[in-house]
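I have placed the structure first, in the form of structure tokens, so that the comments after it can refer back to it.
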Amino acid sequence: LIDQYTPSELKYMYPGSQSGEYPIPHWDIKDAAFAPYIKFIDSKWWDLVELGRAVLPNLSMEVRVDIEGGKVPYDMHLDDKAEGKPIQGYWAGYMGASSANLTAEMGLKSLEKVLAHSTGNGRSPIILGQFNLQDNTPHMMKVMKAIDLKECNKFIEKSATVLKKYTKGYGIWAHRNYRQSEVYNGSFLLGLEGWSSQKSDRGSIEIENRFLLLSGLDSGSFAKVEQAVKQLPKNQCDNENTNMEVCFKYRMNNEANGASRFHVVWDGKKEHVIAYSAIWTEKCVRVPSLDENKFYNIGFLIEGMASVNIDNVEMFGHTHSMYMHDVDYTPISTCGDGLPVLNRLLDDPT
């Protein structure tokens, strides 16, 4: 700041502050120090890139396409030396939206405006690393808009012309729906790290070929693993359904007799008895809602002479969706039908 601004300018930006003491300003375009602060943090980011290039000469960073407060842009670094130019940028459906989701036409105008800004009207094409035409992040949906689902495929197909003009390619986050799991080490790749365990003298808890194995050697045996997860609030759950879902894969190595059981346990209670399966099976169950933002134990319990492998444990209240492929890769036509058309148009040299 001292190198770039006169004492009188600094006094105007930081009234009442002593020389050399310049606090981070409020995130407010009306603050006189806000624009210089944006310039400062942008220069800090790129200083780190320059340091990193001592090890990775082609290192770059995603340019910040936002115009803060509608007035303060970030540096697009269009004049950096050729080998150091930014190679990635982003666009989201909420950009350019007002009170409603965007039509295909509105989305195309917004996309071109952002790409023209971030590439210097095509002078320095980027990879559109985040082509985020949909975003169903819970709670944020109250303020963030996206492409109207009825016009999603139309928008994707017509975006080919804009992408050809300003970019070297694109990436979508995410091509497949994914869950925001609250479970740590749900695939047991770190052994039992993050899990607590309890067993009887004839119970066994092991990691076998990177799968969890719970076993009981007699009718009085038990073995249990569990970990604390947070009960999510309504505004972080699909359709505000706070009965969180637990999904996992399992197989049973011997058919349990009538006295043997495999349970999902939630807050110390046996909530679900899981049916026998000799082959790997995916199971999803919901557990009762408890006090939000508090932590409760989720886990698995075997009783009696049972032997169960468990893997891929997830617990969540929300599934992130781009309406292209479901979690299990099942195609979703809502937006997914437009992608093959877009790729064909991008490959067409005309």
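The values are calculated or read from the model by the stated rules, or taken from the named source; none is laboratory data. Note that this is a predicted model, so its numbers are computed, not measured. FYI the Cβ positions are ideal-geometry reconstructions off the backbone, even for glycines, and counts take in every protein chain you see. All accessible areas refer to the heavy atoms of the entire protein, side chains included, with ligands and DNA or RNA removed. Shrake-Rupley method; radii C 1.70, N 1.55, O 1.52, S 1.80 Å.
Quick notes on this structure:
- Selection from the range 290-335 of residues that are touching a Pro at 6+ places or on another chain (Cβ under 6 Å) and of a type in the set (Asp, Glu): GLU292
- Complete set of residues in the range 312-350 that are polar (S, T, N, Q) and out of contact with any Ser or Thr (no Cβ under 7 Å at 6 or more places or on another chain): THR319, SER321, THR330, SER333, THR334, ASN343, THR350
- Scanning the range 336-350 for residues that are part of a helix (DSSP H, G or I) and without any contact (Cβ under 8 Å) to a residue 12 or more places away in the chain, we see that the one that is farthest from MET322 (Cα to Cα) is ASP347.
- Filtered residues of the range 164-209 (kept if more than 24 Å from the chain's Cα centre (by Cα), farther than 30 Å from ILE126 by Cα, open to solvent by 90 Å² or more (accessible area, probe 1.4 Å) and touching a residue at least 24 places away in the same chain (Cβ under 8 Å)): GLN198, LYS199
- For the range 145-166, the tally of residues that are touching a helix residue (DSSP H, G or I) at 6+ places or on another chain (Cβ under 7 Å) and not in a helix (DSSP H, G or I) stands at 1.
- Filtering the range 67-88 to residues that are free of Cβ contacts under 8 Å to residues at least 40 places away in the same chain, of a type outside the set (A, V, I, L, M) and surrounded by fewer than 16 Cβ atoms within 10 Å (Cβ to Cβ) leaves ASP79, LYS81, GLU83.
- Scanning the range 1-54 for residues that are farther than 30 Å from GLU83 by Cβ, charged (D, E, K, R) and open to solvent by 50 Å² or more (accessible area, probe 1.4 Å) gives GLU9, LYS11, GLU21, ASP28, LYS30.
- Among the residues making up the range 228-262, those that are free of Cβ contacts under 8 Å to residues at least 60 places away in the same chain, over 20 Å from PHE295 (Cα atoms) and either of a type outside the set (Phe, Trp, Tyr) or touching a Gly at 6+ places or on another chain (Cβ under 6 Å) (or both) are ASN239, ARG251, MET252, ASN253, ASN254, GLU255, ALA256, ASN257, GLY258, ALA259, SER260, ARG261.
- Residue in the range 325-336 that is within 29 Å of ASP267 (Cα to Cα) and either of a type in the set (Ser, Thr, Tyr) or open to solvent by less than 10 Å² (accessible area, probe 1.4 Å) (or both) present: no
- Single residue of the range 264-302 satisfying the filter (among the β-branched types (Val, Ile, Thr) and surrounded by 14 or more Cβ atoms within 10 Å (Cβ to Cβ)) that is farthest from VAL313 (Cα to Cα): ILE302
- Residue match in the range 102-114 (condition: over 21 Å from ASP347 (Cβ atoms), of a type outside the set (D, E, K, R) and surrounded by fewer than 18 Cβ atoms within 10 Å (Cβ to Cβ)): yes
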